[in-house]
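Okay, structure first, notes after.
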Amino acid sequence: MWFLIKGSFWFSLVLICLPFLDSNSREALENAPPLEVGQSMAAAVEALEDIRQICVRKPEVCETGSETFAALGSRAKEGARIAYQFLDSKFADAEPDLTTGSLPVVN
């Protein structure tokens, strides 16, 4: 779960920084709204504090959210297992034992 949040943050940061590396992007961004770093950071801190307080104001939101993230985590874990088995069947030298979930023994 935290991996997805951190990954999304860093991916967004990369997307934001990429236009600084391309000279053609400067003309396209001339009409874009200005970026005020100080105000943006203050708004982000305030939003984070508001998110932290939501469980105090509405505990049912946090309960439903935790159930949702637990269900999504289970599905992601199962999806990772399926992807691993698929990739292992395509690239492994020996056949995996799909009944026990154990890795094949390679001699």
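Values in this text are rule-based calculations from the coordinates and carry no lab data. As the structure is a prediction and not an experimental result, all values here were calculated from the model. Note: ideal-geometry Cβ built from the backbone for every residue, glycine included; neighbour counts use all protein chains shown.
Numerical summary
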| quantity | calculated |
| --- | --- |
| Rounded tilt (10° steps) of 37-57 against the dominant C-alpha axis of the chain | 60 degrees |
| Normalised alpha carbon radius of gyration of the chain [divisor 2.2 N^0.38 Å] | 1.72 |
| Whole-number percent relative contact order across the chain, with pairs defined as alpha carbons under 8 Å at least 6 apart | 12 percent |
| Net charge dipole size for the chain [Lys, Arg +1 and Asp, Glu -1 on Cβ; Debye, nearest 20] | 160 debye |
| Hits among lysines - C-alpha to C-alpha of residue 90 under 24 Å, sequence gap 8 or more where chains match | 77 |
| Within the chain, helix-based [θ] at 222 nm, where runs of 4 or more DSSP H residues each add -39,500 (n - 2.57), nearest 500 | -25500 deg cm²/dmol |
| Net charge dipole size for the stretch 41-94 [Lys, Arg +1 and Asp, Glu -1 on Cβ; Debye, nearest 20] | 120 debye |
| Equivalent ellipsoid, the stretch 41-94 (semi-axes from 5 times Cα gyration tensor eigenvalues, Å) | 39, 16, 5 |
| In Hz, Karplus ³J(HN,Hα) per residue of the stretch 59-69 (6.51, -1.76, 1.60; θ = phi - 60°; x = Gly, Pro) | x, 5, 5, 5, 5, 5, x, 5, 5, 5, 5 |
